[in-house]
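Report on the structure given below.
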Amino acid sequence: MITGILLPCAEEQPIKRVEFDAENVDTIKGMVGGTFEAFNLDEPPASILANDEAMLWSLPFNHRATVLLWQHAKGLRGQAYISGDAILTGMPDGRGRTKSVPQQLAQLLLETETYGVEFLHHPDGPWSRKSLTFTDWFEAYNYAIIHEETFATVRSARVIGV
C-alpha cells in the first residue's frame, strides 16, 4: 500500500489523502476514471496520474492538478493540461513501482495552514520572500506561477509553509 493525494477536478471537493495498492491498475483506473498516464514532477520527485483519454471524453479541466504540474514540472508549463480526477504519488523506483507521495508535498498540501512564496532572482541565491501570505495552497501556487512568468527578474518561485 502507498499513500497518494486525490485531486478531484470538482473544486468544491477537497483534496484528500488516499491509501491504495499501486500495483493494482484497476484501483488507479477507478480513481481517475479510466486508463491513465503519469506526468512526472521535477522537484520533489513525484508523479500525477491522470486519465489519458480525458480530452476524448471531454472530462472537466482539473485546475489544482494542472497548477501543481506547472509549478513542479516547469518544462510542461503551458504545454500539458490535466482533466478529470488525478492522483499525486511519488515517482516510481528503479523497478517501476510507484512510491508514496513525498512527505514534504503531503505536508504542504494537507497539513499546512499558511503559505508563502519565495523567489530566486540570481542562480546562486538567495531565496527571498514577500510578506504576503496565503491560507490556500492553490492561491499561493497561482501567485508563484504568475510572478515567475511575468517578471523577468524572477528566475524561479516556490511555495512554502509559513
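Filter segment 23-71 for residues that are in contact with a strand residue (DSSP E or B) (Cβ under 7 Å, 6 or more places away or on another chain) and of a type in the set (Phe, Trp, Tyr) and give the result.
Listed by number, the residues that qualify are PHE36, PHE39, PHE61.
Show me the strands (runs of 3 or more DSSP E) entirely contained within segment 1-113 in which 1 or more residues are charged (D, E, K, R) and surrounded by fewer than 18 Cβ atoms within 10 Å (Cβ to Cβ).
Of the strands (runs of 3 or more DSSP E) lying wholly inside segment 1-113, those with at least 1 residues that are charged (D, E, K, R) and surrounded by fewer than 18 Cβ atoms within 10 Å (Cβ to Cβ) span 16-20, 36-41.
Kindly provide the set of residues from segment 129-149 that are surrounded by fewer than 18 Cβ atoms within 10 Å (Cβ to Cβ), modelled with pLDDT of 95 or more and among the polar types (S, T, N, Q), ordered by number.
THR133, THR135
Determine whether segment 115-136 contains at least one residue that is under 29 Å from ILE2 (Cα atoms), in contact with a Gly (Cβ under 7 Å, 6 or more places away or on another chain) and in contact (Cβ under 8 Å) with a residue 24 or more places away in the chain.
Yes, segment 115-136 contains a residue that is under 29 Å from ILE2 (Cα atoms), in contact with a Gly (Cβ under 7 Å, 6 or more places away or on another chain) and in contact (Cβ under 8 Å) with a residue 24 or more places away in the chain.
The values are calculated or read from the model by the stated rules, or taken from the named source; none is laboratory data. These numbers were taken from a predicted model, which means no experiment stands behind them. In this analysis, Cβ positions are derived from the backbone assuming ideal geometry, glycine residues included, and neighbour counts consider all displayed protein chains.
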